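A short write-up of the structure that comes next.
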Amino acid sequence: MLSFSLKDCGHTFCAGCILLLLRANLCDHIHRLESACPIPTGEVMTENEIPWIKTCICRMISNQLPLPEYRCPKCRGNISSKPVAAFLVEEILDEVNKSSQQLMPGVVRPTCRQRIEVDVDVDIAWDAFFTTQH
């Protein structure tokens, strides 16, 4: 499953885009609080980042610091809960890709403009970003 919807506003993105967005929001928040973000960042989010993310969130909770505000890149609305799998979007994308391959064989259609790979278990990542306990 690569497509996920944001429960608050309903916008749908690939998992890689949402993960990078959440990471960027978290790092910006940490920069405002501490000036240095300890989370290693790259073009792809990896399993190695999850403990850093969870530690940063738990430290904010322990120190009674404000938690980051994650924002939808489309509408700038608040993201307050874990994204949910967008099964219908996945089915539609699969059908469009199948039809495209029949009409234009050999043409590769990326599911995301930026073609961001996901090198992390998204459920574990969502849990890290939306940690409520330490």
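Answer yes or no: is there a residue in region 5-13 that is surrounded by fewer than 16 Cβ atoms within 10 Å (Cβ to Cβ), out of contact with any helix residue (DSSP H, G or I) (no Cβ under 7 Å at 6 or more places or on another chain) and among the hydroxyl-bearing types (Ser, Thr, Tyr). Checked region 5-13: no residue is surrounded by fewer than 16 Cβ atoms within 10 Å (Cβ to Cβ), out of contact with any helix residue (DSSP H, G or I) (no Cβ under 7 Å at 6 or more places or on another chain) and among the hydroxyl-bearing types (Ser, Thr, Tyr).
Of all residues in region 43-55, which are under 25 Å from PHE13 (Cα atoms) and out of contact with any Phe, Trp or Tyr (no Cβ under 7 Å at 6 or more places or on another chain)? Selection gives GLU43, VAL44, MET45, THR46, GLU47, ASN48, GLU49, ILE50, PRO51, TRP52, LYS54.
Residues in region 57-102 that are in a loop (DSSP other than H, G, I, E, B), over 20 Å from CYS14 (Cβ atoms) and in contact (Cβ under 8 Å) with a residue 60 or more places away in the chain: SER80 alone.
Values in this text are rule-based calculations from the coordinates and carry no lab data. The model shown is predicted, which means the values in this text are computed figures rather than measured ones. A quick note on method: Cβ atoms are made from the backbone with ideal geometry, for glycine too, and the neighbour counts reach across all protein chains shown.
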